[in-house]
């Protein structure tokens, strides 16, 4: 029975490899989630199964791409396979976490299937290229100017204190280029999407505090820094801290705990800026 099973699996994987692209993409669209389970269940064929995985990417224009094709398209200075997980393809494609990666012309895998969290747990690497999350940890190729970091140190400490129940750290971002804020995790943290998946299945998971990353090149942050240096006790600073966090939640596809407060804060700040 063991030999029959091995031969059947080998035969089926061979037939899948021989399918033309359109037919295989249709198969993967229908059965991809089930197929991915093979990575955890069939160690002997893990390499062949990995070859047959398909993902949409930031450069595939809505089409499926194999990991092999992704690796062949990698930039010469790119060392990792970048990915981002979430339930909404459009939100992932436009995520602020990808701004620096897009600026470097690095392609990113868009993983919208809950099973992908287990794929990443079991696969680790492909063709000697490790998988690296676009939303956890720092981007290795992006450096922070220490002098500018020191300039914003006190303001970041103030924001962290204001948001101590919501974030575990406030730091300069290595991900952002145009946006002002995003939430990221430490490399070993559970992803926000994984938390959501587990809660949806009724499992209790501890609330993981995220890191609030702020873009020191954004003009809004410079304005807030000016207010802080002029009056550290200004009431508007707490509003801005809350607003930065809420903006980061929204840009990451999350839902606000108190959307009415967010709306009121926006209205109040607009009124002040217009001297109403």
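The values are calculated or read from the model by the stated rules, or taken from the named source; none is laboratory data. The structure presented is a predicted model; accordingly, all values stated were derived computationally and were not measured. So basically every Cβ, Gly included, is an ideal-geometry build from the backbone, and we count neighbours across all protein chains shown.
Of all residues in region 66-75, those satisfying the criterion of being surrounded by fewer than 19 Cβ atoms within 10 Å (Cβ to Cβ) and at pLDDT 95 or above are 66, 68, 69, 71, 72, 73, 74.
Among the residues of region 88-121, those identified as more than 14 Å from the chain's Cα centre (by Cα) and part of a helix (DSSP H, G or I) are 103, 118, 119, 121.
Scanning region 139-159 for residues that are more than 27 Å from residue 226 (Cα to Cα) and surrounded by 13 or more Cβ atoms within 10 Å (Cβ to Cβ) returns 139, 141. Looking at 54, 100 in this structure, which one is surrounded by 15 or more Cβ atoms within 10 Å (Cβ to Cβ) and within 30 Å of residue 218 (Cβ to Cβ)? The conditions single out 100. One residue stands out among those in region 1-49 that are at pLDDT below 90, part of a loop (DSSP other than H, G, I, E, B) and touching a helix residue (DSSP H, G or I) at 6+ places or on another chain (Cβ under 8 Å): the one that is nearest to residue 119 (Cα to Cα), which is 37. Out of all the residues in region 224-247, is one or more within 17 Å of residue 98 (Cα to Cα) and in a helix (DSSP H, G or I)? Within region 224-247 (the criterion being within 17 Å of residue 98 (Cα to Cα) and in a helix (DSSP H, G or I)), the answer is yes, since at least one residue qualifies.
Yes or no: region 173-191 includes at least one residue that is outside any helix (DSSP H, G or I), surrounded by fewer than 18 Cβ atoms within 10 Å (Cβ to Cβ) and touching a strand residue (DSSP E or B) at 6+ places or on another chain (Cβ under 7 Å). Yes, region 173-191 contains a residue that is outside any helix (DSSP H, G or I), surrounded by fewer than 18 Cβ atoms within 10 Å (Cβ to Cβ) and touching a strand residue (DSSP E or B) at 6+ places or on another chain (Cβ under 7 Å). Taking the stated definitions as given, is residue 195 under 17 Å from residue 136 (Cβ atoms) and modelled with pLDDT of 90 or more? So residue 195 does not fit the description; no.
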